[in-house]
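The values are calculated or read from the model by the stated rules, or taken from the named source; none is laboratory data. It should be emphasised that the depicted structure is a prediction, and the values quoted were computed from it without experimental measurement. Please note: Cβ atoms are built from the backbone with ideal geometry, for glycine as well, and neighbour counts cover all protein chains shown.
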Amino acid sequence: MRWLYANPGYKLLALAIALGLWGLSHSSSDEERGIEVPVVITGVPEDLVVTEKSAEEVNLRVMGTRAALRNLAAGELEYPIDLSGAKPGETVVEVEAESLNLPRGTRVVRRSPSQVALSLSRRGSRSVEVRVDVEGEPAEGHRITAVEVEPPRVRITGARAEVLRLSAVMTETVDVNGAEADVEREVRLSLGQGNVWLEEPTKIQVKVRIATEPTEAEGAGAEPEETA
């Protein structure tokens, strides 16, 4: 058993080398990691609007060493699609790994989808009326005398066909149920889920005027004086 304790320095050195080689082999062996990268549209011509996009993000399988994958900050990645020079209609873009700024030592082995389809429409804009959506009834003995909105009109923009279909836009609902005094609100506009939005951010102020109902005496007025 004397050999077990002989040359301890050499044995410790051999152990250190073995551990180093084991760590090196594990750090240099390739691994896979899945990440989701958001699709970001740039360079849309001013006269066009993107109305449809087949994918909001691209799922990637990235291979690389453990050390390289540690440097992969998925939250900082995005997949850019440049639409400079695009025309109205359908556009299909191939998903290319070269467009991604990946760390050295990594590579994309699989991507889904492999293409992103986009629909582009002509842009339009117009001025439309703002209509207030009032819900409920004031308290007993009260009534609505006027509904005011400022501004009374706004300018909308977006996909031309959708813009031309709108002659007015509604506000979110203003509830006056049980109200005994004027109701004032800053409200949002309901532009739907389509491809229409305000040309400029605008604050919409609504005032629903509430007054008391006239009494029977007030409604009838003073009784006429008797004459001889």
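Taken together, the residues in segment 127-152 that are farther than 16 Å from Arg188 by Cβ, charged (D, E, K, R) and surrounded by 14 or more Cβ atoms within 10 Å (Cβ to Cβ) amount to 0. Listed by position, the strands (runs of 3 or more DSSP E) contained in segment 22-119 that have at least 1 residues being modelled with pLDDT under 85 are 30-42, 57-65, 106-112.
It is to be established whether one or more residues within segment 126-134 are of a type in the set (Gly, Ala, Ser) and at pLDDT 95 or above. The answer is yes, given that some residue of segment 126-134 is of a type in the set (Gly, Ala, Ser) and at pLDDT 95 or above. In this structure, does Leu166 turn out to be touching a strand residue (DSSP E or B) at 6+ places or on another chain (Cβ under 9 Å), assigned to a loop (DSSP other than H, G, I, E, B), among the aliphatic types (A, V, I, L, M) and at negative phi? Here the answer is yes, as Leu166 does meet what is asked. Is it the case that Arg126 is basic (Lys, Arg), assigned to a strand (DSSP E or B) and either in the same structural domain as Val176 (by TED's automatic domain parsing) or within 29 Å of Arg160 (Cα to Cα) (or both)? Yes: the conditions hold for Arg126.
Among the residues of segment 117-168, just one is among the polar types (S, T, N, Q), more than 25 Å from Thr202 (Cβ to Cβ) and more than 24 Å from the chain's Cα centre (by Cα), namely Thr145. Of the residues Ala67, Ala86, the single one that is without any contact (Cβ under 8 Å) to a residue 60 or more places away in the chain, more than 22 Å from Gly43 (Cβ to Cβ) and in the same structural domain as Ile41 (by TED's automatic domain parsing) is Ala67.
I'd like to check something: does segment 199-209 contain any residue that is surrounded by fewer than 18 Cβ atoms within 10 Å (Cβ to Cβ) and of a type in the set (A, V, I, L, M, F, W, C)? Checking segment 199-209: not a single residue is surrounded by fewer than 18 Cβ atoms within 10 Å (Cβ to Cβ) and of a type in the set (A, V, I, L, M, F, W, C).
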